[in-house]
Amino acid sequence: MTDKKTPLPEATWSISLDVDCPKCKESVDLMDDDNFWENNNIQACEWGTDKSRNVDAYCKGCEHDFKVDLAY
């Protein structure tokens, strides 16, 4: 039984989109790129669609532009 006066704890979503840069081999979270959503017309967790293939990606570490296919 839940006490109506005590608020329930909140669970917070955390999403990452990880890839290894093909040039420098560093792990890159594409969600950290401010331009990722602006440059690509995709939705969170989208995969297996035409829009989720050949997606623009960028490695801040070595400044390499490359393409990825999104998977979930």
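The values are calculated or read from the model by the stated rules, or taken from the named source; none is laboratory data. Just so it is clear, the model here is predicted, and its values are computed rather than measured. We place every Cβ from the backbone using ideal geometry, glycine too, and count neighbours over all the protein chains shown.
Looking at region 26-42, I want the residues that are over 9 Å from VAL55 (Cβ atoms) and have a partner that is hydroxyl-bearing (Ser, Thr, Tyr) and part of a loop (DSSP other than H, G, I, E, B) with Cβ atoms under 6 Å, at least 6 apart or on another chain. Which pairs are those?
ASP29/SER16; MET31/SER16
So that you can scan it fast, the table gives a plain yes or no per residue for (1) in contact with a His (Cβ under 6 Å, 6 or more places away or on another chain); (2) among the aliphatic types (A, V, I, L, M); (3) at pLDDT 95 or above:
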residue: ASP3; (1), (2), (3): no, no, no
residue: SER14; (1), (2), (3): no, no, no
residue: PRO22; (1), (2), (3): no, no, yes
residue: ASP29; (1), (2), (3): no, no, yes
residue: ILE42; (1), (2), (3): no, yes, no
residue: CYS45; (1), (2), (3): no, no, no
residue: ALA57; (1), (2), (3): no, yes, yes
residue: CYS62; (1), (2), (3): no, no, yes
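VAL55: in contact (Cβ under 8 Å) with a residue 24 or more places away in the chain and surrounded by 14 or more Cβ atoms within 10 Å (Cβ to Cβ), yes or no?
no
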